[in-house]
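All remarks here apply to the structure that follows.
The values are calculated or read from the model by the stated rules, or taken from the named source; none is laboratory data. Every value quoted in this text rests on a predicted model; they were computed, and no experiment measured them. All Cβ positions, even for glycine, are placed from backbone atoms using ideal geometry, and neighbour counts span all protein chains on display. Surface areas here come from the heavy atoms of the whole protein model, side chains and all, with no ligands, DNA or RNA. Shrake-Rupley method; radii C 1.70, N 1.55, O 1.52, S 1.80 Å.
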Amino acid sequence: MIMARGYSYVVKRDYGFAPNPFYGFLTLATCKPKIRSMAQVGDFIIGNAPVDFDNKLVFMAKISKIITFNEYWNNEEYACKKPVMNGSFKKLYGDNIYHQLENGEWMQENSHHGNQDGSINTDNLTRDTGTTDHILIADEFFYFGKSMINVPSEYTACIHTGRGHHNPDIEVCNGLWNYLCDNYEMGLIDLPRQFKEFIRYDGKS
């Protein structure tokens, strides 16, 4: 039996794009390619704010499904997360942006990860699709957004600082998950911290 793992990282940019917590399920479909390539169903994904925001907990999710970019794009169930450039912020920050043509060429939709004119941003495309075809989906999650919280001291091993990610002890992850289940309502608790305007991410900063 494979033991579940935890993956913890800093959510430097909290726009509701990566992760995307809307429409009743949380998705990590872009960024963090190492986590997306290694994580398995049943694993925990933990994201906390940068040190400027005291490394507070932004979200914690339990992976329920892993699919490919083409499965994400072609399945009508996930059409709600395709970006709509004249829509609400929730639509503007849709993360269902990648699919492949029959010849293998990658397409990137006009989105937060595209160039200012809507064309393909190759830096983002290469990072998002170059090493993994995995999209993580969580039906069970706590997304605090701008109402991010401090976690009790016994669970601070789940909080990440710096670049990359780390794998906190699974027992500590289980403890934090149980704490959240006991004290908060599961799902979208508040909107993302930077959910104020639509911007493009150039893939360099």
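Tell me the helices (runs of 4 or more DSSP H) entirely within region 14-98 that contain at least 1 residues that are of a type in the set (Lys, Arg) and in contact with a strand residue (DSSP E or B) (Cβ under 7 Å, 6 or more places away or on another chain). Before the answer, list the steps.
Working: elements: 33-38, 69-74, 89-92.
Those helices (runs of 4 or more DSSP H) span 33-38.
Restricting the search to region 46-62, which residues are open to solvent by less than 10 Å² (accessible area, probe 1.4 Å) and either touching a His at 6+ places or on another chain (Cβ under 9 Å) or within 12 Å of Leu136 (Cα to Cα) (or both)? First the steps, then the outcome.
Kept after step one, since they are open to solvent by less than 10 Å² (accessible area, probe 1.4 Å), are these residues of region 46-62: 46-49, 57-61.
Result: Ile46, Gly47, Asn48, Ala61.
Restricting to region 162-188, name every residue that is open to solvent by 70 Å² or more (accessible area, probe 1.4 Å) and modelled with pLDDT of 95 or more.
Residues of region 162-188 open to solvent by 70 Å² or more (accessible area, probe 1.4 Å): 163, 169, 171, 178, 182-186, 188.
Across region 162-188, the qualifying residues are Asp169, Glu171, Asn178, Asp182, Asn183, Tyr184, Glu185, Met186, Leu188.
From the list Thr131, Thr126, which one is part of a loop (DSSP other than H, G, I, E, B) and either open to solvent by less than 60 Å² (accessible area, probe 1.4 Å) or β-branched (Val, Ile, Thr) (or both)?
Working: Thr126 fails: part of a loop (DSSP other than H, G, I, E, B).
That would be Thr131, the only listed residue that is part of a loop (DSSP other than H, G, I, E, B) and either open to solvent by less than 60 Å² (accessible area, probe 1.4 Å) or β-branched (Val, Ile, Thr) (or both).
Starting from residues that are β-branched (Val, Ile, Thr) and surrounded by fewer than 22 Cβ atoms within 10 Å (Cβ to Cβ), keep the ones in region 1-34 and report whichever is farthest from the chain's Cα centre (by Cα). Talk me through it step by step, then tell me what you get.
Step one: of region 1-34, the residues β-branched (Val, Ile, Thr) are 2, 10-11, 27, 30.
If we keep only those that are surrounded by fewer than 22 Cβ atoms within 10 Å (Cβ to Cβ) as well, we get 2, 10.
Numbers: Ile2: 23, Val10: 11 Å.
That would be Ile2.
Among the residues of region 164-182, how many are within 15 Å of Glu140 (Cα to Cα) and either out of contact with any strand residue (DSSP E or B) (no Cβ under 7 Å at 6 or more places or on another chain) or not hydrophobic (A, V, I, L, M, F, W, C) (or both)? Give the derivation first.
Here is the first cut: in region 164-182, the ones within 15 Å of Glu140 (Cα to Cα) are 173-174, 176-182.
Restricting the remaining residues to those that are either out of contact with any strand residue (DSSP E or B) (no Cβ under 7 Å at 6 or more places or on another chain) or not hydrophobic (A, V, I, L, M, F, W, C) (or both) gives 174, 178-179, 181-182.
Number of matching residues: 5.
Residue by residue through region 83-104, note down the ones that are open to solvent by less than 20 Å² (accessible area, probe 1.4 Å) and among the charged types (D, E, K, R).
Hit for region 83-104 is Asp95, nothing else.
Does any residue in region 130-150 that is of a type in the set (Asp, Glu) come within less than 6 Å, Cβ to Cβ, of a residue that is open to solvent by less than 30 Å² (accessible area, probe 1.4 Å) six or more places away or on a different chain, and which pairs are these?
Within 6 Å, the pairs are Asp133/Phe69; Asp139/Phe25.
Name the residues in region 140-161 that are surrounded by fewer than 19 Cβ atoms within 10 Å (Cβ to Cβ), in contact with a Leu (Cβ under 8 Å, 6 or more places away or on another chain) and under 25 Å from Ser64 (Cα atoms), would you?
Lys146, Ile149
For region 67-76, how many residues meet the condition of being open to solvent by 60 Å² or more (accessible area, probe 1.4 Å) and under 18 Å from the mean Cα position of the chain (by Cα)?
1
Does region 103-114 contain any residue that is closer than 24 Å to Ile45 by Cα, without any contact (Cβ under 8 Å) to a residue 60 or more places away in the chain and not polar (S, T, N, Q)?
no
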